[in-house]
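The next block holds one structure in the form of structure tokens; read it before the comments.
The values are calculated or read from the model by the stated rules, or taken from the named source; none is laboratory data. A quick note: this is a predicted structure, and the numbers were derived from the prediction, not measured. Using ideal geometry, Cβ is built from the backbone for each residue, glycine included, and neighbour counts are taken over all protein chains shown.
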Amino acid sequence: MYIIWDKIEKLGKIPDVELANKLNVSPQAIFQARKRRNISALNPAKKYDIDWDSVPLGKMIDKHIADIWGCSGSYVCQKRKKKNIPAFGMLYRTIENEAAYYGEAIIDAWLHKYNIEHKFQFQVGPYRIDWLICEDNEIWEFLGMWDHRIYGEQYQKNFVEKEKYLIEIGYKVKRIYKNKINTFKEEINLDKIHKASNFKCRGCGREGFKHCAKGLCGMCVSRLYNGQKLGPPKISLRLKNEDIFVCEDCGSEDRYKRIRNKCKSCYNKQYKRKSKNK
């Protein structure tokens, strides 16, 4: 799509992110268009009157807060960091308590609003699909990483192969790009999206660990790609391949940097300082 930027009257008058969503382009494209025309960005402090003490910073992702309060995600991130509040985990929960990313949670909430029967994260052959719309025998795929700066090219190749397979076995496939998420977002109540207070790994069942990929913690992702079985692991000082290690001080899972029941960093902090003081 070709845009005549000189005819865009809202450059610098509304946030770059908001204008990017309306034009279906990236915020970086808006920034470059402003820069070439010496148009300064809108000062968020002049536009937004938000009581940040009442905003649930760190309890939902910055983008979610930005969508509810009508500002940019970077502005929310800036306010959160000023208060030294850690970011919320990437995963949300659908109404059926399935793990989902923010964009997926929005679309799933939209399907529930209109009572469209569907299955989320459904296995079809060798592929895991986002939604199976039961009545139409149609598969919906949210392409959240389609234009990713680093992984986008490989993501597109993988999806094209997946799409070809699904069509060959008789399914219709609907692509949902990131710039189309606003059509779903406008029709649901963003306050009611179910959020996961604690991430629970679907591989080992542990809670409180950081999500890595595919609903798995870092240790289970490593197991998956090494062809090992997923399941409740044993925690042992004499580690075998099926065991895991968790530092008793910081919770690190790096088994290759452990000394006894601590990671190398925590061990050095506790024991090397004592020896130096002596």
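Hey, does the stretch 54-71 have a residue that's out of contact with any strand residue (DSSP E or B) (no Cβ under 8 Å at 6 or more places or on another chain), farther than 17 Å from Gly144 by Cβ and among the acidic types (Asp, Glu)?
Looking for residues that are out of contact with any strand residue (DSSP E or B) (no Cβ under 8 Å at 6 or more places or on another chain), farther than 17 Å from Gly144 by Cβ and among the acidic types (Asp, Glu), one finds none in the stretch 54-71, hence no.
Do we have any residue at all in the stretch 165-172 that's on the phi > 0 side of the Ramachandran plot, at pLDDT below 95 and in the same structural domain as Gly125 (by TED's automatic domain parsing)?
Yes - at least one qualifying residue is present in the stretch 165-172.
Condition check ((1) touching a helix residue (DSSP H, G or I) at 6+ places or on another chain (Cβ under 9 Å); (2) surrounded by 13 or more Cβ atoms within 10 Å (Cβ to Cβ); (3) in a helix (DSSP H, G or I); (4) of a type outside the set (Lys, Arg)) across all residues:
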site: Cys77; (1), (2), (3), (4): yes, yes, yes, yes
site: Arg80; (1), (2), (3), (4): yes, yes, yes, no
site: Gly103; (1), (2), (3), (4): yes, yes, yes, yes
site: Asn115; (1), (2), (3), (4): no, no, no, yes
site: Phe122; (1), (2), (3), (4): no, yes, no, yes
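Hey, among the residues in the stretch 1-26 that are part of a loop (DSSP other than H, G, I, E, B) and closer than 13 Å to Gly70 by Cα, which one's modelled with the highest pLDDT?
This residue is Ile14.
Report, ordered by the first and then the second residue, all pairs with beta carbons closer than 6 Å, sequence separation of six or more or different chains, a first member in the stretch 97-124 that is over 24 Å from Ile169 (Cβ atoms), and a second member that is basic (Lys, Arg) and surrounded by fewer than 19 Cβ atoms within 10 Å (Cβ to Cβ).
From the stretch 97-124, the pairs are Ile106/Lys185.
The conditions are (1) more than 24 Å from Gln28 (Cβ to Cβ); (2) part of a strand (DSSP E or B); (3) not β-branched (Val, Ile, Thr), and Asp136 fails exactly one of them. Which is it?
Going through (1) more than 24 Å from Gln28 (Cβ to Cβ); (2) part of a strand (DSSP E or B); (3) not β-branched (Val, Ile, Thr) one by one, Asp136 breaks only (2).
Which pairs turn up if I take residues in the stretch 140-155 that are in the same structural domain as Leu166 (by TED's automatic domain parsing) and touching a residue at least 40 places away in the same chain (Cβ under 8 Å) and look for partners that are assigned to a loop (DSSP other than H, G, I, E, B) and among the charged types (D, E, K, R) with beta carbon separation below 7 Å, at least 6 apart in sequence or on another chain?
none
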